[in-house]
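Read through the structure below, which is laid out as structure tokens, and then see the notes.
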Amino acid sequence: MALNDGFGLCRRVHYLLRMATVLLVEDDHVVRGAMLRSLADRGHAVHAVGTALDALRRVAAETPDLVVLDLGLPDLDGSDALRMLRGITDVPIIIATARDDEQTVVRLLRAGADDYMVKPFTGAHLDARITTVLRRVGRASRAAQPAVHEVGELRVDVGERSAALGDQQLNLTRKEFDLLAYLAARPGRVVSRRELLEEVWRQPSVGEDQTIDVHLYWLRRKLGESAAKPRYLRTVRGVGFRLVAPD
Ligand code: CA
């Protein structure tokens, strides 16, 4: 009996530690049922919806810990659904897709997906990805102790997710802010493209350098500078970038 209680307690603690509230967006009843059962068996609280609009409504009403988003939904194209979700929340999103061409994957990661899985996959695999994404997000938010980085007249408030140049607030996208905050936390240090891809974009280097270039272009514009006339954002040719206070 005592042994049983002990095991029961272990299971409960295990359950409490790992349980996540997952919003499952999937229109296929069979797939949805199987995923629901499988995730519930692994201790997650799962809500399922079958359309992108229901997903948006649900996320706006009560933020889940994580969203698993099917790309092929009846009402909206999956990448539009992703963009709309990203417009209202930073909740981690794992894409479930039947397409695995690199272009699609890169586009989705760029549009704010945290991870993706190619169908068909097992419940165990999805559970492992969920755990990994949540661990990563948890680590990121712990690492992001409310910090303010000041470089020259540039002020980046990580806690508030706001940035200002002098008394001018900068209107940055999520990734532009992440990029600026990452560089501002390491003033003067040269940061490689590979490091940015891994730490800011959370993807291994797959030769997707344009992503960084596009974001740097906009960031530079918003900082009132350009690659030809840099002030804060310096390119170190063939190596990477660094953020410095202008002379
Ligand atoms: Ca579908």
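The values are calculated or read from the model by the stated rules, or taken from the named source; none is laboratory data. Note that the structure is predicted; figures quoted are calculated from it, not measured. Reconstructed Cβ throughout: ideal geometry from the backbone, glycine too, with neighbour counts over all protein chains shown. When the accessible area is computed, the model is the full protein with side chains, heavy atoms only, and any ligands, DNA or RNA have been set aside. Shrake-Rupley method; radii C 1.70, N 1.55, O 1.52, S 1.80 Å.
Quick one: with all protein chains in place, what share of the accessible area of the chain is carbon or sulfur, to the nearest percent (1.4 Å probe)? That share works out to 52 percent. Here, P(r) means the percent of Cα pairs in each 5 Å bin from 0 to the largest distance; for the chain it is 1, 6, 12, 15, 16, 14, 12, 10, 7, 5, 2, 1, 1, 0, 0.
Dimensions of segment 8-144 from C-alpha coordinates, computed as largest minus smallest value along each principal axis and given longest first, are 44, 39, 31 Å. Extension gain, D80 to A228: 0.36 nm times the residue separation minus the Cα-Cα distance gives 49.8 nm. Gain on full extension, evaluated as 0.36 nm per residue between A128 and D90 minus their Cα-Cα distance, stands at 11.6 nm. Relative to the dominant Cα principal axis of the chain, helix 52-61 is inclined by about 80°. Full extension of the segment from R135 to S192, taken as 0.36 nm per residue of separation minus the current Cα-Cα distance, would add 18.1 nm. Normalised by 2.2 N^0.38 Å, where N is the number of residues, the alpha-carbon radius of gyration of segment 80-183 equals 1.28. Peptides 187-193, 197-203 ranked from most to least packed, by the mean per-residue count of other Cβ atoms within 10 Å: 197-203, 187-193. Peptides 238-245, 62-69, ordered by how many other C-beta atoms sit within 10 Å of their residues on average, highest first, read 62-69, 238-245.
Axis angle, to the nearest 10 degrees, between helix 78-88 and the longest C-alpha principal axis of the chain: 70 degrees. Take 121-128, 54-61, 21-28 and order them by the average number of nearby Cβ atoms within 10 Å per residue, most first; the result is 21-28, 54-61, 121-128.
Compared with the rule-of-thumb size 2.2 N^0.38 Å for a compact globular protein, segment 148-243 has a Cα radius of gyration ratio of 1.00. The C-alpha atoms of the chain define a longest principal axis, and helix 209-222 lies at about 60 degrees to it. Calculate the FRET efficiency for V30 and T104 from the Cβ-Cβ distance with a Förster distance of 25 Å, rounded to the nearest 0.05. After rounding, the FRET efficiency stands at 0.60.
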